[in-house]
1. For a quick check: with amide H placed at 1.01 Å from N, whose amide H comes under 5 Å from residue 49's, ignoring anything fewer than 5 positions away on the same chain?
2. Under a 5 Å amide H to amide H cut-off, with H placed in plane at 1.01 Å, what residues pair with residue 37 once short-range neighbours are removed?
3. Spelling out what I want: for every residue of the range 24-34, take phi, set θ = phi - 60°, compute 6.51 cos²θ - 1.76 cosθ + 1.60 (Karplus), and round to whole Hz; glycine and proline get x.
4. Give the order of 7, 19 when sorted by the count of other beta carbons within 10 angstrom, beginning with the fewest.
5. With an 8 Å Cα cut-off and a minimum separation of 6 or more residues, compute the relative contact order for the chain in percent.
6. For the range 41-56, take each phi angle, set θ = phi - 60°, evaluate the Karplus expression 6.51 cos²θ - 1.76 cosθ + 1.60, and give the result in whole Hz per residue in order, putting x for glycine and proline.
7. Using only Cα atoms, what is the ratio of the radius of gyration of the chain to 2.2 N^0.38 Å?
Amino acid sequence: MLKFEIKQDGEVRDVVLDKLEVVIGRRNEKCEVGLDLTPDDLVSRVHARVWVEGGAVMI
């Protein structure tokens, strides 16, 4: 399980995903995005991949 605190447009929200790997980015046709930060233009379509490996969180 991965938990993120998102600060976007002056608001804060918690997102909990029942996954051990997720792609962070904006909606697009080339890659499934698990944590969608659309419409933030400062975020790439495929911005980062986060996963758990050996008890550590990798980016």
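Since every read-out is calculated from the coordinates, none of them should be taken as a lab result. The model shown is predicted, which means the values in this text are computed figures rather than measured ones. Cβ coordinates were reconstructed from backbone atoms using ideal geometry, including for glycine residues, and neighbour counts include every protein chain displayed.
1. Excluding prolines and chain starts, which carry no amide H, the hits are 24.
2. 25, 26, 27
3. Values, residue by residue: 9, x, 10, 3, 7, 8, 8, 8, 6, 9, x Hz.
4. On the way: 7 8, 19 13.
The fewest-first ordering by Cβ neighbours comes to 7, 19.
5. On the way: 98 pairs, mean separation 15.2, N = 59.
Once divided by the residue count of the chain, the mean separation gives 26 percent.
6. 6, 7, 9, 5, 4, 10, 7, 7, 10, 10, 8, 9, 9, x, x, 10
7. Normalised by 2.2 N^0.38 Å, the Cα Rg of the chain equals 1.13.
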